[in-house]
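Enquirer: Starting off with a structure, shown below.
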Amino acid sequence: MSDNVKNEKVKFEVLSGVVGQETKLQKVFRKVPPMIMLCIAWLLFMFIVAVFWEQFAPFDYEAQDLSHRLSVPKIFGGNDTVHILGTDSLGRDFLSRLIRSIRTSLLVAFCGTIITAVLGTTLGFVAAHFRGWVDEAIMMLVDFQYSLPFMILALLVIAFFGNNLVFFVFLLGIEGWNKYARMSRGMALSAQNNGYAVAIRQLGASPVRLYTKHILPNVSNILIVELTLNFPAKILAETSLSFLGLGIQPPDTSLGSLLSFGRAYMMTNWWLAVIPGLTIFLTTLSMCLLGDWVRDTIDPTIRK
Amino acid sequence: MREKLVEAKGLYKQYALKSDKLFAKRRYLKAVDGVTFDIYKGEFFGVVGESGCGKSTTAKLILDMEHPTKGTVLFKGRDMSTLKPKEWRAIRLDMQMIFQDPLGALDPYMCVGKQIMEPLEIHNIGDPKDRKQMVLDMLAAVSLKPIFYDRYPHELSGGQRQRIVLARALIVKPQLLVCDEPISALDVSIQAQVVNLFKRIHKELNLTFMFISHDLRIVKHVCDRIIVMYLGRVVEEAESDELFANTLHPYSQALISAVPSLTPDAQAKRIMLHGDPPNPIDLPKGCRFASRCSKCTPRCLESEPELVDMGNGHKVACFLVTGK
Amino acid sequence: MHVKYFLVKTLRAFLTTFLLVVFVFFVLRITGDPAQAMLPDDATEEDYIEFRQLWGLDKPLMEQFYIYCKNFVHGDFGQSYKDGRDVFEIISQRLPKSVWLMGMSIIFSIVVGLPLGIYAALHRNSFGDRFIMGTAVFGFSMPNFFLGIMFILIFSMKLHWLPSAGSDTWLHLLMPMITIGMTRMGSYARYTRSAMLNVLSKPYIITAKAKGANRNRMVYLHALPNAAIPIVTVIGTSIGHMVGGSVVIENVFAWPGVGRLLVSSVAVRDLPVVQAIVIIMGLAMVLANLLVDFTYGLLDPRIRVTAGDK
């Protein structure tokens, strides 16, 4: 008997928990403007395509069919019913290439964003912690980065060291590190003087513990906002370099290189350039709008 | 002879000031300017003075949160300035601090239970499984219910926060607890509660307290021995009862006379201090209290008096009293 | 106060330049033998000996660095190994074109962005305001090379209004200028708007308003100069972004500038040219930043900036 009662109680608790969560979720959803919902939907779609690219791609993205070059698909008034978006100048299925490109571009941008965040934040914390000449040196590097545009730096490094995928991702990781470094340094400096860091330090905590367990969670809001705004910048940097033929190298393909190849056929097969371009644009736009919205929602005081 | 826990010997602390000019002479703010005292084991030691007199800096020097420009701090006979970073961290088990602003001293993004547990994790005390119980015991010791474990600092009242800070300090069972104006940020109505909690803990755990305050009523209520500081210097040092019964330094007299009293005739004897204390960046020659002292003599403007023991551990730095 | 500010900024500029040269110098060393990297594949033994002599490669590292700097000061950046021409000569032919394009793009973005921002601030929450603020996000997220290609598709290929490549006439300038300028125009408008709104809410403006001051006079004589300070900062920090963008855009519109030269040199690994362009561009950036700092210092007499913070 008592067991039964207990079960009933557990059931009730579980149910009420679920109900509670649902209303909470509903509340959140009601607060999200429709525009942001669209952005999230698009990003989610891109994310799914990037993860399950092999399931989505109808053909092998590298397979050439020279007898079917630059075919015009049905949706653009052509007669190719096999290839939904037609083929490129080597007869490769354009949709499959597009899907592969989305995966590459997003993956590279994602890894680059993470590297930048870790690198920049760490350097900022190191500068704030050690002060003195370490601080001076790191801030000098920050200033240096400001006066050398990433694009130029990237071209210099690629010219001297050549290029491969891993190297390229790390190179992208440099883009924008100075923003994180300056921000995290500033926040760590103010946190150090504000009570809790002093208090925790005097408990005998090691600097690593202080920074990872206390200062990091305290500044995470601002870092998350910076992350969402840095991601589109990463996509733009990668696609720009790939567009110039100096980023992602064949046989792999990115949205930038896809666009670059497509521009030669704009008079006849305009979608070969326009579709990858629009994909980049919609993705960066969604991320920018989402980032702005998150910033304004999380903390109205850091709005600038 | 009682055992000395802390010996502060001739402490000086100067802060370099930022200058606008490129080649100007560096100027210094003398926050602590030659301070010597001992804290005995188990006593409730008070430090009194106006804001800006170097009380908080002294506390930081005692805990070696900042290094003195000159002078040494001995803790249990050990020179604090010689500690290596690891030893420095380890010695935190013996000395803990309570801050003026309890909200600022707590991490706003961590539940308070975890924060009380933190010293245990840092110093690897106890079995990880037992730690939660230790925290709950500690909460009980500072008269808080176990439900507070999962609360966040902003959900608590000022008094509750200060209890949390106290619990975090006490969980490592320190020998010395330095309290820097621990109640001045609290509502008057709960100040007494927290002070009594301090007193109870002092008695129960046989802790040594260094209690910093500008509020003489509270200091009188809780402290065994008191030093009075003025502009970075100790002007008087005595047992609590002795200090209030037989106040020697004009500054201490002024401070004590300013304490609101219930007896009307005491009110009449109030000594008013005029003017502001001199600028600690460039102090005038002579006694630093001379500019506000009602009994100032020509000699006071010439040289600075030293702290002299008048017997029975009552020390004072005033020519009028010591005659030297 | 002022002298120190300008002194510190100039010192920093020198330091950054020095860092830049050190950086390029070491990147070159890390790749291995600079002679091998800097000389074409078909170089003879004598070429190697001559090169090592010229750059003092047999001497200690510090001395090598000294020779390296000295050669740069003399304008000796070596020879391109695509065609053996003097690098300095090649770049100085291209540089005016790039400076012209960059300059016009910056002017375009300011001339369009600032009035839009002022308009948005004065007509707050109107449809125009929202639209202008929308374009800022658009500029940020639009890949400029895609925008350029769309322009070519519409205005050159479909409408035949504008030429798609080259730099001969004003018509050639139009599309690349707008493409580069567009990326930043929106954000300038956005910053101008918030700076103006900030100033317009200040007590002295409200007082002037209450006294019935002339609206236009108030906006342009009092509000705008005070709002200019944050705007100048934003423009300064975005120049680097624009320079990076112009490298891509020069390639889209076949603009015969330094950016296009840089990309084609990187593609064939013509290292003497790459190295020289990077140093010259870096130098130009340092100068531009210095100019912005000085403008900032002149605009705001209150600033007393120490070396530590910027």
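The numbers here are math on the coordinates, done by the rules we state, and not lab data. All values derive from a computational prediction rather than experimental measurement. Reconstructed Cβ throughout: ideal geometry from the backbone, glycine too, with neighbour counts over all protein chains shown.
Enquirer: At 7 Å along Cα-to-Cβ for each site, give me the label-to-label distance between C:D83 and C:K59 in nm.
Expert: Taking the simple label geometry, C:D83 and C:K59 are separated by 3.3 nm.
Enquirer: Further, regarding this structure: Just to confirm a number: summing +1 for Lys and Arg and -1 for Asp and Glu over residues other than A:A63 whose beta-carbon lies under 15 angstrom from that of A:A63, what do you get?
Expert: Residues close to A:A63 contribute a combined charge of -3.
Enquirer: Here is a further query. Could you line up C:L261, B:L139, C:L19 from fewest to most neighbouring Cβ atoms inside 10 Å? Working shown, then result.
Expert: Values: C:L261 25, B:L139 22, C:L19 18.
The most exposed by this proxy come first: C:L19, B:L139, C:L261.
Enquirer: For chain C, take the longest principal axis of its alpha carbons; what is the angle in degrees between that and the long axis of helix C:87-122, to the nearest 10 within 0 to 90?
Expert: 10 degrees
Enquirer: May I have the extent of the alpha carbons of segment C:103-269 along their three principal axes, as whole Å values ordered from largest to smallest?
Expert: Ordered largest first, segment C:103-269 gives principal extents of 65, 35, 27 Å.
Enquirer: Let me ask something else about it. In a Debye calculation with equal point scatterers on the alpha-carbon sites of segment B:105-173 and no solvent, what is log10 I(q)/I(0) at q = 0.15 Å⁻¹?
Expert: So the normalised log intensities are -0.39.
Enquirer: Can you bin chain B into rounded, prolate or oblate? Criterion: square roots of the alpha carbon gyration tensor eigenvalues sorted a ≥ b ≥ c, rounded for a/c under 1.5, prolate for a/b above b/c, oblate for the rest.
Expert: Prolate.
Enquirer: Another question about this same structure. Can you give the average number of partner chain beta-carbon atoms within 10 Å of each beta-carbon in peptide B:100-108, as a whole number?
Expert: Taking all residues of B:100-108 together, the mean is 5.
Enquirer: Right, another one. Would you mind computing, in nm to one decimal, how far apart the modelled labels at A:Y265 and B:E50 are, each placed 7 Å from Cα along Cα→Cβ?
Expert: If labels sit at A:Y265 and B:E50, their model points lie 8.5 nm apart.
Enquirer: Right, next: Could you line up C:D168, A:D80 from fewest to most neighbouring Cβ atoms inside 10 Å?
Expert: The fewest-first ordering by Cβ neighbours comes to C:D168, A:D80.
Enquirer: Over the whole of A:270-280, what's the average partner chain Cβ count within 10 Å per residue? Rounded to a whole number, please.
Expert: 3
Enquirer: Cross-link candidates for B:K60: which aspartates and glutamates have Cα within less than 18 Å, leaving aside residues fewer than 8 places away along the same chain?
Expert: B:E7, B:D33, B:D38, B:E50, B:D79, B:E87, B:D94, B:D101, B:D180, B:E181
Enquirer: Write down the Kirkwood hydrodynamic radius of segment B:152-260, to one decimal in angstroms, obtained as one divided by the mean of 1/r over all alpha carbon pairs.
Expert: Hydrodynamic radius (Kirkwood, Cα pairs) of segment B:152-260 is 15.2 Å.
Enquirer: Relative to the present Cα-Cα distance, how much length would full extension add between C:T44 and C:K209 at 0.36 nm per residue of separation?
Expert: Residue separation times 0.36 nm, minus the Cα-Cα distance, leaves 51.6 nm.
Enquirer: Cβ under 14 Å from C:M242's Cβ, C:M242 left aside: what net charge do those residues give with Lys, Arg +1 and Asp, Glu -1?
Expert: With Lys, Arg at +1 and Asp, Glu at -1, the neighbours total 0.
Enquirer: Just add up the charged neighbours of C:A121: K/R +1, D/E -1, any other residue whose Cβ is under 10 Å from the Cβ of C:A121.
Expert: That sum, taken over residues with Cβ under 10 Å, equals +1.
Enquirer: Using Stokes-Einstein with the Kirkwood hydrodynamic radius over Cα pairs, what translational diffusion coefficient do you get for chain A at 20 °C and a viscosity of 1.002 mPa s, in µm²/s rounded to a whole number?
Expert: 95 µm²/s
Enquirer: Using a Förster distance of 30 angstrom, determine the FRET efficiency expected from the C-beta separation of B:D150 and B:N124, and round it to 0.05. List each step's numbers first, then the result.
Expert: Numbers: r = 24 Å, r/R0 = 0.80.
Calculated value: 0.80.
Enquirer: Which whole-Hz couplings ³J(HN,Hα) result when phi for each residue of segment B:79-95 is put into the Karplus expression 6.51 cos²θ - 1.76 cosθ + 1.60, θ = phi - 60°, listed in order with x for Gly and Pro?
Expert: Those phi angles translate into 6, 5, 6, 8, 6, 7, x, 5, 5, 4, 5, 5, 6, 4, 5, 8, 10 Hz.
Enquirer: Using a/c under 1.5 as the rounded threshold, could you call chain C rounded, prolate or oblate? The axes a ≥ b ≥ c are square roots of the C-alpha gyration tensor eigenvalues, and prolate needs a/b larger than b/c, oblate otherwise.
Expert: Oblate, because a/c is 1.5 or more while a/b does not exceed b/c.
Enquirer: Would you mind checking the pairs B:K30/B:K76; B:K13/B:K199; B:K41/B:K315; B:K4/B:K55 and listing those with alpha carbons more than 22 angstrom apart?
Expert: Pairs exceeding the cut-off: B:K30/B:K76; B:K13/B:K199.
Enquirer: Same structure, new question: Let me know the mean shielding of C:142-154 by other chains, meaning the per-residue number of their Cβ atoms within 10 Å of its Cβ.
Expert: That average works out to 6.
Enquirer: By how many degrees, between 0 and 90 and to the nearest 10, does the Cα long axis of helix A:132-147 differ from the longest principal axis of chain A?
Expert: With both axes taken from Cα atoms, the answer is about 30 degrees.
Enquirer: Once you have a ≥ b ≥ c as the square roots of the Cα gyration tensor eigenvalues for the protein assembly as shown, tell me rounded if a/c is under 1.5, and otherwise prolate or oblate according to whether a/b is larger than b/c. Please report the intermediate quantities before stating the final value.
Expert: Details: a/c = 2.22, a/b = 1.77, b/c = 1.25.
In terms of gyration-tensor shape, prolate.
Enquirer: As an exercise, use a Förster radius of 51 Å and the Cβ-Cβ distance of B:N196 and B:Y28 to find the FRET efficiency, rounded to the nearest 0.05. Display every interim value, and only then the final one.
Expert: On the way: r = 41 Å, r/R0 = 0.81.
Computed FRET efficiency for B:N196 and B:Y28 comes out at 0.80.
Enquirer: Now for a separate question. Can you give the extra length, in nm with one decimal, that the chain gains between B:D94 and B:K285 once fully stretched, where that is 0.36 nm per residue apart less the Cα-Cα distance?
Expert: 64.7 nm
Enquirer: Among B:R288, C:R124, which comes first, second and so on when ranked by fewest other beta-carbon atoms within 10 Å? Display every interim value, and only then the final one.
Expert: On the way: B:R288 25, C:R124 13.
With the sparsest Cβ surroundings first, the list reads C:R124, B:R288.
Enquirer: Quick one: angle between helix A:34-51 and the longest Cα principal axis of chain A, in degrees between 0 and 90, rounded to 10, please.
Expert: 70 degrees
Enquirer: By how many nm would the segment from C:K202 to C:S92 grow when fully extended, if each residue of separation counts as 0.36 nm and the alpha-carbon distance is taken off?
Expert: Value of the extension gain: 34.7 nm.
Enquirer: Something else about it: HN-Hα J couplings of segment C:205-214 from phi, Karplus 6.51/-1.76/1.60, θ = phi - 60°, integer Hz, Gly and Pro as x?
Expert: So the Karplus estimates, Gly and Pro as x, are 6, 5, 4, 4, 4, 4, 7, x, 5, 4 Hz.
Enquirer: Continuing with this model, one more query. Need one number: % antiparallel among DSSP beta bridges in the protein assembly as shown, to the nearest 5.
Expert: About 60 percent, rounded to the nearest 5.
Enquirer: For segment B:186-324, what log10 I(q)/I(0) values come out of the Debye formula at q = 0.09, 0.10, 0.18, 0.22 1/Å, with one point per alpha carbon and no solvent?
Expert: -0.32, -0.40, -1.12, -1.41
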